[in-house]
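Participant: Sharing a structure with you now.
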């Protein structure tokens with residue numbers, strides 16, 4: 001393999017990995033105060049991409065305005081999901097895993113509606129304004145500026161999320177609920193408010209992932225499940241709850257996928273990917289940067 | 001059983017898990033500025049009673065009144081604003097957050113001005129100087145005794161009228177247990193009513209005015225601490241119904 005080819009594949013892998021990481025981080029956001037993995041979040045990413053096509057390409061709205069509408073709409077959808085698919089489990093105080101089915105059901109409903117509305121054709125969504133998909137050559141390196149923007153956006157968002165959790169009262173309250181739900185309640189914190197807030201935020205974050213992923217991956221209704229699985233792998237590899245770990249995990253997955261795409265056939269590609277994930281989890285069950293639970297009460 | 005001066009008035013409370021009652025028909029009173037102990041063997045239902053009072057557990061029968069107002073089955077997050085603080089067993093602080101963050105969360109939903117917030121912090125730092133010294137450290141890095149102080153400070157920063165403490169001395173060295181009781185005496189001197197669940201029975205009886213004994217989820221005796229100290233009821237509560245010649 002030529003150096004140029006290798007570097008191009010790596011760049012592609014990093015950008016792809018950054019998108020996987022965003023899906024994983026979206027899962028983390030919703031998981032933190034709830035201990036619920038929102039399995040519908042892959043479809044939120046898909047909706048971000050498809051509505052991105054609808055608003056930006058079909059309607060022709062400016063990028064910023066279209067994206068804002070999209071984030072709000074999918075954020076609200078996340079909040080709605082929390083009310084109908086997750087909150088009832090908490091209210092019943094049944095610490096079972098009913099959410100596994102109910103969030104999956106919610107995702108199936110979304111994808112079926114989306115299939116009816118959008119049909120299966122892949123659609124083009126424009127890149128972030130000011131960035132482009134044209135390839136730039138820099139010595140042996142080739143990339144496009146949208147790829148750079150995606151990676152920069154993920155890194156910036158992680159700084160933002162970590163700042164929120166560490167330095168705002170609401171963020172600290174979410175950390176408190178994550179650590180000890182009853183303890184938080186005894187301090188006057190209502191976990192149900194934070195649960196809903198986290199689903200709204202997780203939904204909006206996934207929508208953003210969708211709209212910036214679409215120029216690279218093309219928007220299609222089959223995007224959701226694939227990204228949910230990759231996002232989940234990124235999160236598991238990096239460590240649940242660790243945003244930086246999830247980013248590293250995503251990049252590892254993206255690069256393995258990218259490199260193996262020219263060395264291996266499709267079937268072997270998935271095999272190698274899963275083998276790496278399983279191997280890492282075998283050695284570090286809580287992921288590369290995950291912390292073992294501090295205590296169980 | 002209920003008295004006119006009661007701040008916390010628990011009447012015939014029954015509560016448990018999955019409809020199986022753990023405590024049955026317990027009545028208990030804490031007067032203003034009074035310290036009351038709730039004693040009994042492991043599994044007698046002491047913690048269950050506190051959890052039912054603070055709303056973490058649903059009471060199926062009976063009533064709880066705080067300063068005359070019915071608070072039965074009110075959600076715990078609402079209850080703290082009414083002046084009841086519950087320090088749960090096992091030093092339930094937020095280990096990953098700093099000491100100051102833990103105190104801040106104690107005031108999270110009180111809606112205080114920043115000046116008032118600062119005053120409340122000062123109060124707690126005056127009572128627990130070690131917390132001021134370690135305010136930037138993660139709470140999980142504190143020693144057991146310091147964590148207990150933080151858990152108490154977190155409850156106290158809301159200036160509750162009633163403070164419920166669930167086994168604050170568990171797992172602490174004797175000298176630290178003494179320190180915890182010392183702090184509780186200072187808190188009581190400020191007019192806060194205390195309902196204390198303790199395993200260190202003798203020390204608890206020295207501290208409180210009145211004590212209640214429960215066994216198998218039922219109240220078996222109560223009386224002034226000085227009288228209970230020498231009674232056979234205590235032995236009965238802890239050892240079961242054995243007659244000692």
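Participant: Please say if the stretch B:134-182 is rounded, prolate or oblate, where rounded means a/c under 1.5 for a ≥ b ≥ c the square roots of the C-alpha gyration tensor eigenvalues, and otherwise the choice is prolate for a/b larger than b/c and oblate otherwise? Walk me through the intermediate numbers first.
Facilitator: Details: a/c = 2.15, a/b = 1.08, b/c = 1.99.
Here the stretch B:134-182 falls in the oblate category.
Participant: Using a 10 Å cut-off around each Cβ of peptide A:187-195, what is the average number of partner chain Cβ atoms that fall inside?
Facilitator: Working: counts 21, 15, 6, 6, 1, 2, 2, 0, 0.
Average neighbour count from other chains, rounded to a whole number: 6.
Participant: Continuing with the same structure: Among A:4-15, B:116-127, what's the highest-first ranking by average C-beta atoms within 10 angstrom per residue? Let's see the in-between values first.
Facilitator: Details: A:4-15: 18.1, B:116-127: 15.1.
My ranking of the peptides, most packed first, is A:4-15, B:116-127.
Participant: Can I ask one more? Can you give the angle from 0 to 90° between the axis of helix A:223-238 and the longest principal axis of chain A, with both taken from C-alpha atoms, to the nearest 10?
Facilitator: So the helix axis and the longest Cα principal axis differ by about 70 degrees.
Participant: Another question, then. Among rounded, prolate and oblate, which fits the stretch A:30-177 when a ≥ b ≥ c are the square roots of the eigenvalues of its C-alpha gyration tensor, a/c under 1.5 means rounded, and a/b larger than b/c means prolate? Before the final figure, lay out the partial values.
Facilitator: Working: a/c = 2.33, a/b = 1.41, b/c = 1.65.
Judged from the Cα gyration tensor, the stretch A:30-177 comes out oblate (a/c at least 1.5, b/c at or above a/b).
Participant: Would you mind pulling out the separation of the Cα centroids of the stretch A:95-126 and the stretch A:156-222, in Å?
Facilitator: Between the Cα centres of the stretch A:95-126 and the stretch A:156-222 lies a distance of 20 Å.
Participant: Shielding of A:172-179 by partners, i.e. mean partner chain Cβ atoms within 10 Å per residue?
Facilitator: Working: counts 9, 7, 0, 5, 8, 1, 2, 8.
Average neighbour count from other chains, rounded to a whole number: 5.
Participant: As a footprinting exposure proxy, order B:61, A:43, A:81 by other Cβ within 10 Å, with the fewest listed first.
Facilitator: B:61, A:81, A:43
Participant: If you don't mind, another one. If I take R0 = 30 Å and measure r between the Cβ atoms of residue A:229 and residue A:262 in this structure, what FRET efficiency does the formula 1/(1 + (r/R0)^6) give, to the nearest 0.05?
Facilitator: FRET efficiency, residue A:229 to residue A:262: 0.85.
Participant: Given a Förster distance of 56 angstrom, what is the FRET efficiency for residue A:6 paired with residue A:100, based on the Cβ-Cβ distance and rounded to 0.05?
Facilitator: Numbers: r = 40 Å, r/R0 = 0.72.
Computed FRET efficiency for residue A:6 and residue A:100: 0.90.
Participant: Further question: Please compute the average number of Cβ atoms from other chains found within 10 Å of each residue's Cβ in peptide B:21-27. Provide the component values of the computation, followed by the final result.
Facilitator: Values: counts 0, 0, 0, 0, 0, 0, 0.
Per residue, the average neighbour count from other chains is 0.
Participant: Semi-axes of the stretch A:96-245's equivalent ellipsoid from the Cα gyration tensor, sqrt of 5 times each eigenvalue, largest first, rounded to whole Å? Before the final figure, lay out each step's value.
Facilitator: Details: eigenvalues 212, 104, 34 Å².
Each semi-axis is the square root of five times an eigenvalue, giving 33, 23, 13 Å.
Participant: Also, quick follow-up: Counting other beta carbons within 10 Å of each residue's own, what order do A:172, B:32 fall into, fewest first? It would help to have the intermediate numbers written out before the result.
Facilitator: On the way: A:172 23, B:32 14.
Ranking A:172, B:32 by Cβ neighbours within 10 Å, fewest first, gives B:32, A:172.
Participant: Okay, moving on. Among A:137, A:80, which comes first, second and so on when ranked by fewest other beta-carbon atoms within 10 Å? Intermediate results must be reported in sequence, preceding the final value.
Facilitator: Details: A:137 10, A:80 15.
Listed from fewest to most nearby Cβ atoms, that is A:137, A:80.
Participant: Over what distance in Å are the Cα centres of the stretch A:56-85 and the stretch B:181-242 separated?
Facilitator: 59 Å
Participant: Debye calculation, C-alpha points only, no solvent: report log10 I(q)/I(0) for the stretch A:3-283 at q = 0.09, 0.14, 0.15 Å⁻¹, in the same order as the q values.
Facilitator: Results for the stretch A:3-283 at q = 0.09, 0.14, 0.15 Å⁻¹ read -0.42, -1.01, -1.14.
Participant: Classify the stretch A:198-297 as rounded, prolate or oblate from the Cα gyration tensor: take a ≥ b ≥ c as the square roots of its eigenvalues, call it rounded if a/c is under 1.5, otherwise prolate when a/b beats b/c and oblate if not. Numbers along the way, then the final one.
Facilitator: Working: a/c = 2.40, a/b = 1.13, b/c = 2.12.
It comes out oblate by the Cα gyration axes.
Participant: Here's something else I'd like to know. Can you give the calculated 222 nm mean residue ellipticity of the protein assembly as shown, where each DSSP H run of n ≥ 4 adds -39,500 (n - 2.57) and the sum is split over every residue, rounded to the nearest 500 deg cm²/dmol?
Facilitator: Numbers: 22 runs with 295 residues, N = 542.
Taking each H run of at least 4 residues, the total per residue is -17500 deg cm²/dmol.
Participant: Working from Cα positions, state the angle (0 to 90°, nearest 10) between the long axis of helix A:41-52 and the longest principal axis of chain A.
Facilitator: The angle comes out near 50 degrees.
Participant: Which percent of the Cα-Cα distances in the protein assembly as shown go past 29 Å? Each step should come with its number before you reach the end.
Facilitator: Values: 87112 of 146611 pairs.
Every Cα pair in the protein assembly as shown considered, those over 29 Å come to 59 percent.
Participant: If the label point is 7 Å along Cα→Cβ of residue B:115, which residues in the stretch B:139-171 have backbone nitrogen under 20 Å from it?
Facilitator: Inside the label zone: B:158-159.
Participant: Place the peptides B:221-229, B:150-158 in order of packing, highest mean first, counting for every residue the other Cβ atoms within 10 Å and averaging per peptide. Each step should come with its number before you reach the end.
Facilitator: Numbers: B:221-229: 16.2, B:150-158: 24.2.
Most protected by this proxy first, the peptides run B:150-158, B:221-229.
Participant: Looking at the protein assembly as shown only, what percent of DSSP beta bridges run antiparallel? Nearest 5 please. Walk me through the numbers on the way to the answer.
Facilitator: On the way: 28 of 45 bridges.
So the antiparallel bridges in the protein assembly as shown amount to around 60 percent.
Participant: Also: May I ask for the angle, rounded to the nearest 10°, between helix A:145-167 and the longest principal axis of chain A, with both axes built from Cα atoms and the value confined to 0 to 90°?
Facilitator: Roughly 20 degrees between the two axes.
We did not get these values from a lab; they are worked out from the coordinates using the rules stated. Worth saying up front: this structure is predicted, and the values here are computed from it rather than measured. FYI the Cβ positions are ideal-geometry reconstructions off the backbone, even for glycines, and counts take in every protein chain you see.
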